[in-house]
Structures are given as C-alpha cells and as structure tokens.
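Asker: So that we are looking at the same thing, I have put the structure below in structure tokens.
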Amino acid sequence: MALRVFRAEDRSCDTELAVPLGPLDVEAMVATIEALRTPRTVRTPLAAAIERVADDLAGVTGPRVVVVVSDGRESCD
C-alpha cells in the first residue's frame, strides 16, 4: 500500500509520496490521512498524480489497484 497526495503548497500542481509502498500499517495510514491538511489554494493535478503512480508501482509484480480520491477536477493542464 502507498499513498500519494497533492502537494499542500499554494497553487501547486505537484504531488508527493506521503507513504512509500510497503505492507499496510493501518494505524500509521490512518494517522497520516487524518493529519493531511490541504489548503483551498492547492490545485488538483489528477493526471500528474496518476502518472507518478506508474513509477511508485514500477517494481511490483502481480495485480495492482489504483484508487483515486479527489474532491475536485483536474486543474493543472
């Protein structure tokens, strides 16, 4: 399991790997998600995030599942 998020900087179109790929630690993942604070001024780089997931999963064999959760639409060209 891994978690990629939109970078929480004003007008940013970047993403960052908040939790690197590894076995799921439920408590740590919940804590990471609960601590996320994304200002309203952050843009929504959906395509960039999805493109970066390919690199995040490059060494993985077997089935892979990508879940995209967003409250906005693509806003970074």
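Asker: Which whole-Hz ³J(HN,Hα) couplings does region 31-47 yield from phi under the Karplus relation 6.51 cos²θ - 1.76 cosθ + 1.60, θ = phi - 60°, glycine and proline marked x?
Answerer: Rounded to whole hertz, the list is 4, 4, 5, 5, 7, 5, 9, 10, x, 4, 7, 6, 7, 10, x, 4, 4.
Asker: Then there's this: Ratio of alpha-carbon Rg to the 2.2 N^0.38 Å globular estimate for the chain, to two decimals, please.
Answerer: 1.12
Asker: In a shell of Cβ-Cβ distance under 13 Å around VAL66, excluding VAL66 itself, what net charge do Lys and Arg (+1) and Asp and Glu (-1) give?
Answerer: 0
Asker: Positive end of the dipole of the chain, charges at C-beta (+1 Lys, Arg; -1 Asp, Glu), about the Cα centre: which of VAL26, ALA49, SER70 has its Cα farthest in that direction?
Answerer: Value: SER70.
Asker: Between region 33-63 and region 12-26, what is the C-alpha centre distance in whole Å?
Answerer: 7
Asker: Also, quick follow-up: If you add up the charges near ARG52, with Lys and Arg at +1 and Asp and Glu at -1, over every other residue whose beta carbon is less than 10 angstrom from its beta carbon, what do you get?
Answerer: Once positives and negatives cancel, what remains is -4.
The numbers here are math on the coordinates, done by the rules we state, and not lab data. All values derive from a computational prediction rather than experimental measurement. Cβ atoms come from the backbone with ideal geometry, glycine included; neighbour counts cover every protein chain shown.
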